[in-house]
Amino acid sequence: MANRGYAGFYKNVYLRSSYEYAYAKYLDFYKIKWEFEIQVFNLGYKLYKPDFFILNPNNSIKKIVEIKSRNKKAIEQAKTDLKIISEQYGYDVDVISYKELLELYKPLPFSLNSVITEWINSDHTTINKAAFGALNGHYQMKHNDSTKKKIGAHTKLLWETDSISKLKMIEGLKKSGMKKGFIKVRRVERECLHCNKPFIALETSIQKYCSRTCSGSVAIKLATEASINKQLLLHQEIKKYVIAWTIENNEIVEKTPFNKIKPTIDPLLREIELKYGIKDLRIISKAIFGKDCGRKELLKFMKSICNENVC
């Protein structure tokens, strides 16, 4: 269940996963006081900002809880980090993932999956996590000298390889260089060809619609029309073929009784299937009459062709 990409606001708190939302809902159900990402801890090898801080009535920290996905490696790392916090500061700590949330939700009058679905379908969430300013999980967390050296050494190694990462870094430098001397393209106002609403586009752009909704609607309409036209042409061809076959086999058609239709029209149906890929009599009937009229009406039509002295 890859739901950790859904981020959004809950009670003015920016949560970055459906699991975090589910835990917050659990705490609120039991009226447990909590805050989110209110303190940064220096673990020696990194700065660490846990997710939930469970508070006492006097607002002191009672417990620290980290929410993780079902990634075992991430869970083990979180346990290691929280163990250091517990030893240094004396706080109770816990790591909670999907398995633990299921247990917590068992006594509740609503299910965990319903809450996760509620978060995913909410108008206040998006699958794209905001990674800027205070919404970034690393906001106000500066790298120490040791970390900076490690990052520098790692980057230097990347420059000495032919990896995809190196290509991305080169592309980034190209883009930043281009931006310094780029020529700004003039914006113009256009009218959407679908809804007639005005929109702004680059002068050099071939954009004809104000949004993907409008362009999508037009694309669906054109595809539908093309499908209908193709179907009409196919029906016309089938009808012509039935008439031609009837003329060629007029003696058999005229002598066919209405209680023994199948032996006569089966060869016709096989030929239509081979030629047009259609074997459903209902479609063949619709091609001739515009609706499904059955075998008897088909034979009547074929006999009428013969009676018109066309044969």
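The values are calculated or read from the model by the stated rules, or taken from the named source; none is laboratory data. Predicted model only: the values in this text are computed from it and were never measured. Heads up, the Cβs are rebuilt from the backbone with ideal geometry, glycines too, and the neighbour counts pull from every protein chain shown.
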Checklist entry - So which residues in region 273-299 are loosely packed, with under 14 Cβ neighbours inside 10 Å, assigned to a helix (DSSP H, G or I) and not hydrophobic (A, V, I, L, M, F, W, C)? => result Glu273, Lys275, Arg282, Gly294, Lys296
Next on the checklist: Exactly one of these conditions fails for Tyr209: (1) over 30 Å from Val188 (Cα atoms); (2) surrounded by 11 or more Cβ atoms within 10 Å (Cβ to Cβ); (3) not small (Gly, Ala, Ser). Give me its number.
Outcome noted: (1)
Next on the checklist: Yes or no: region 1-16 includes at least one residue that is at pLDDT 90 or above and aliphatic (A, V, I, L, M).
Outcome noted: no
Checklist entry - If you check every pair at least six apart or on different chains, which have Cβ atoms under 6 Å apart with a residue in region 248-272 that is surrounded by 11 or more Cβ atoms within 10 Å (Cβ to Cβ) first and a residue that is among the aliphatic types (A, V, I, L, M) and not in a helix (DSSP H, G or I) second? => result Ile272/Ile278
